[in-house]
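Scroll down for the structure; my scribbles are underneath it.
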Amino acid sequence: MALRPYWSGNLRMSLVSLPVGIYSALNRSRTIPLREIYRKTKQRIRHQNVTEDGTVVDRDDIVKGYEVEKGEYVLIDPDEIKDLRIPSSRTLEIVQFVSSDEIDDLYFDSPYFVAPQKSADEDTFAIIRDALRQTKKTGIGQLAIGGRERLCAIKPCGTGLLLHTLRYEDELRDSDPFFEDITAKASKSEELDLAKELIRRKTAEFDAGHFHDHYRLALQELIDAKLEERDPVTIEEDRPAAKVINLMDALRKSLQESGSEDKAEKPARRATKKTPAAKDTKERKPAAAKAKPERKKAG
């Protein structure tokens, strides 16, 4: 079955334009769905659309409303919103380019894959992709998606493109109230050197496959235990939390432990460098789960 794009339209760069589809990059099927249940009868709770006086309303009779005064609204039909015509509703135009490391992490929101539609010229798509990759630039544009116009960043991702929706500056809080009481004085050199050495020893290439959602695993184990009428197996922490007496002692101890871990892990790292990480055998996949698609590294 062909994948259905979340948005389809034209990608434009200056006078170059081609049809593309945008697809969510998030695999939401990995979330364990929990329903609201009435404890006494074990029936599922259903929520109804009701007015303030308790009148049940059919969904077709619901419109949007902007409150101008208390209890007074300007009514807007959903079709009127769909009919709003702005350029970014059908065209994603790249209007600026920035260095790929220039955008602060605070601005990044949701990721999407961008691929050419069947009617598109794939050579043109490849030229845009390769030009961005070789210049190490990210394209900036705006796109009407999800009921609003979003700021977007576009960069290469494997043989395709990765689009990240970005937050506008006025959507972000000022950091001053949270950081203003934190000291700005220089750290003590000896402690700083120890911390830097610990960071150096713990530095490795990022591989998301090495990390797992322990909360989801514990929740799945709880569900399995209830189905099998047994006590759930507790997922223990990798190591108990130690009481920190002072920073210097804690850093020295961390370095000692890091040194022993490095000696034990180096052979395993060399052996597994070119092979995929083994999956956790305790993790149970839902019956309807599909094969996990290969992740492609952006850039």
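Details
- Taken over the range 170-190, residues that are touching a residue at least 40 places away in the same chain (Cβ under 8 Å) and not in a loop (DSSP other than H, G, I, E, B) amount to 1.
- The conditions of being surrounded by 12 or more Cβ atoms within 10 Å (Cβ to Cβ), part of a strand (DSSP E or B) and acidic (Asp, Glu) are met by GLU93.
- Of everything in the range 11-30 that is in a loop (DSSP other than H, G, I, E, B) and of a type in the set (A, V, I, L, M, F, W, C), the residue that is surrounded by the fewest Cβ atoms within 10 Å (Cβ to Cβ) is LEU15.
- Number of residues in the range 42-80 that are farther than 27 Å from ARG148 by Cβ, assigned to a loop (DSSP other than H, G, I, E, B) and under 32 Å from the mean Cα position of the chain (by Cα): the value is 3.
- For MET1: the one exception among (1) at pLDDT below 95; (2) within 30 Å of CYS157 (Cα to Cα); (3) part of a strand (DSSP E or B): (3)
- On inspection, ALA120 does not qualify as of a type in the set (Gly, Ala, Ser) and touching a Phe, Trp or Tyr at 6+ places or on another chain (Cβ under 9 Å).
The rows are residues; the columns are (1) assigned by TED's automatic domain parsing to the domain that holds LEU162; (2) touching a strand residue (DSSP E or B) at 6+ places or on another chain (Cβ under 8 Å); (3) in a strand (DSSP E or B); (4) modelled with pLDDT of 95 or more.
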residue	(1), (2), (3), (4)
ASP109	yes, yes, yes, no
PHE113	yes, yes, yes, yes
LYS118	yes, no, no, no
PHE125	yes, yes, no, no
ASP130	yes, yes, no, yes
GLN134	yes, no, no, yes
THR138	yes, yes, yes, yes
LEU143	yes, yes, yes, no
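The values are calculated or read from the model by the stated rules, or taken from the named source; none is laboratory data. Every value quoted in this text rests on a predicted model; they were computed, and no experiment measured them. All Cβ positions, glycine included, derive from the backbone under ideal geometry; neighbour counts span all protein chains shown.
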